1. Quick check: anything in the range 65-75 surrounded by 15 or more Cβ atoms within 10 Å (Cβ to Cβ), acidic (Asp, Glu) and closer than 26 Å to Ile203 by Cβ?
2. Looking at (1) under 27 Å from Lys193 (Cβ atoms); (2) surrounded by 16 or more Cβ atoms within 10 Å (Cβ to Cβ); (3) out of contact with any Leu (no Cβ under 7 Å at 6 or more places or on another chain), can you tell me which one Ser173 breaks?
3. Go through the range 66-95 and give me each residue that's within 18 Å of Ala127 (Cβ to Cβ), small (Gly, Ala, Ser) and touching a helix residue (DSSP H, G or I) at 6+ places or on another chain (Cβ under 6 Å).
4. When you scan the range 145-203, how many residues do you find that are of a type in the set (Gly, Ala, Ser), more than 19 Å from Gly105 (Cβ to Cβ) and free of Cβ contacts under 8 Å to residues at least 24 places away in the same chain?
5. Here are the criteria: (1) out of contact with any Asp or Glu (no Cβ under 8 Å at 6 or more places or on another chain); (2) buried (at least 16 other Cβ atoms within 10 Å of the Cβ). Tell me which single one Lys225 does not satisfy.
6. Using the structure shown, decide if Phe134 is of a type outside the set (A, V, I, L, M), under 25 Å from Ala242 (Cβ atoms) and modelled with pLDDT of 95 or more.
7. Look at Gln116 and say whether it is farther than 27 Å from Glu214 by Cα and surrounded by fewer than 18 Cβ atoms within 10 Å (Cβ to Cβ).
Amino acid sequence: MLNNNYRLYQSELDMDLGLKGKNVLVTGATGGIGLVTVRKFIEEGAFVIAHYHHNTAEAERLQHEYSLSILTLGADLSDEIQVQEMFTTISQKVGKIDILVCNAGIWPKTDETVAQMSFKRWKRTQAVNLDSVFLCCRAFFHQLQTQIRESANIILIGSTAAIFGEAGHLDYSASKAALTYGFTKTLKNEIVKYARLGRVNTICPGWVKTPMSEDALADTKGVKKVLQTIPMRKIAQAEDIALSILSLASDVLSGHISGEILTVAGGMEGRILFSPTEIDLDAAF
């Protein structure tokens, strides 16, 4: 009886986020954060264009599960032609995009100082994390030029590495810093030329439990070091980031928020806050 009353109470508190009927493009939709984000948008009544690159099996599962609410499209977003073709397909099959979530990206697992890092690795990280966002945002703006409307929305996924840096991962931190600062602060001024109430914001996750981070999070000593910098002493779940994306995507909740950087990292700071003995790994996930 208690559970039924709780569910009834929750339903009374449900808020319409204004996402029903919106067309949302989520890049990197078959990864940890992207996958949960797709599901959350669909739960709110949005139609999702779910981009994927290599994970065809997960894309097929999504298409089967949400056949009426989703279009899955594969593309290498660092390839200009493939991005153009993807947006052409979207225009033909779906029409306009209301919300663009630039989530696709990579984090090379190997620690390499700048002295060790190859130019090949540097260029690949920039291509996947930065060039892809430029190409998608440019294509979105081209669409806005021909379909001028009242509102439009871009949400970029940065990282706390953009804010604090990350030794051994200059390529990653540099690419995310470009999105977090240069892209966000510039595009929020440009988008309003085509959508009067257009908005651009960035979310900077800290450590999140996803397939991309599972190897690093399997290192208990490393996790303890991470948790020593986080007041809440916990690792985020993909849902924590997805819900923040939905919040910024909603004109109801965030209609007057643009050009902002939302850090979702449990209060992480670039310094040690706790001793190792104050970290409880069992409570961290």
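1. no
2. (1)
3. Ala75, Ser78
4. Total meeting the criteria: 0.
5. (2)
6. yes
7. No: the conditions fail for Gln116.
Yes/no per residue for (1) closer than 27 Å to Thr186 by Cβ; (2) out of contact with any Lys or Arg (no Cβ under 8 Å at 6 or more places or on another chain):
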residue	(1), (2)
Gln237	no, no
Ser244	yes, yes
Ser247	yes, yes
Gly259	yes, no
Thr263	yes, yes
Gly266	no, no
Ile272	no, yes
Ser275	no, yes
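The values are calculated or read from the model by the stated rules, or taken from the named source; none is laboratory data. The structure presented is a predicted model; accordingly, all values stated were derived computationally and were not measured. Neighbour counts are summed over all protein chains in view; Cβ atoms, including those assigned to glycine, are modelled from backbone coordinates with ideal geometry.
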